[in-house]
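For reference, the structure discussed in these notes is given below.
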Amino acid sequence: MYGAPNYHVTFGGGHDIYLCDNCNTTNSSYSNFGHTYKCPDGFAYGSNEAKNYFAGSYNFMTDEIEVFKFVVAE
């Protein structure tokens with residue numbers, strides 16, 4: 001996870017999911033799976049398929065964001 005002053009939040013080493021500031025009012029957020037988070041269909045990082053996999057297009061706008069953390073019980 002990565003954060004900076006002009007970023008809302010970014011997941012993955014290759015910015016697999018990037019959510020911009022005001023991501024609910026602008027479509028500057030983007031996804032590009034395949035660097036840290038693999039596509040189930042095995043699309044290559046940087047391919048159009050990997051860029052469009054998450055939201056149907058490379059850039060998108062959000063309505064809601066939910067983030068979950070997986071915790072293993074000991």
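In whole percent, what relative contact order does the chain give with Cα contacts below 8 Å and a gap of six or more residues?
Worked out over the chain, it gives 24 percent.
Show me the ranking of peptides 65-74, 18-27 by mean Cβ neighbours inside 10 Å, starting with the highest.
Working: 65-74: 5.2, 18-27: 15.0.
The packing order, highest mean first, is 18-27, 65-74.
Output wanted: per-residue J couplings in Hz (rounded whole) for the stretch 63-74, from phi through Karplus 6.51 cos²θ - 1.76 cosθ + 1.60, θ = phi - 60°, x for Gly and Pro.
9, 8, 10, 10, 10, 10, 10, 8, 10, 8, 6, 9
If I stretch the segment between THR36 and HIS8 completely, what's the gain in nm (0.36 nm per residue apart, minus their alpha carbon distance), one decimal?
Details: separation 28, 0.36 × 28 = 10.08 nm, distance 1.87 nm.
My answer for the length gained is 8.2 nm.
Direction-averaged shadow area of the convex hull around the Cα atoms of the chain, nm²? Intermediate results must be reported in sequence, preceding the final value.
On the way: hull surface 23.7 nm².
For the Cα atoms of the chain, the hull's average projected area reads 5.9 nm².
How far is it, in nm, from the label point at SER47 to the one at ASN22 when both lie 7 Å from their Cα along the line to the Cβ?
3.6 nm
Here, each number is a calculation from the coordinates, and none is a lab measurement. What you are looking at is a predicted structure, and each value in this text was computed from that prediction instead of being measured. Counting neighbours? That spans all protein chains shown, and the Cβs are built from the backbone with ideal geometry, glycine included.
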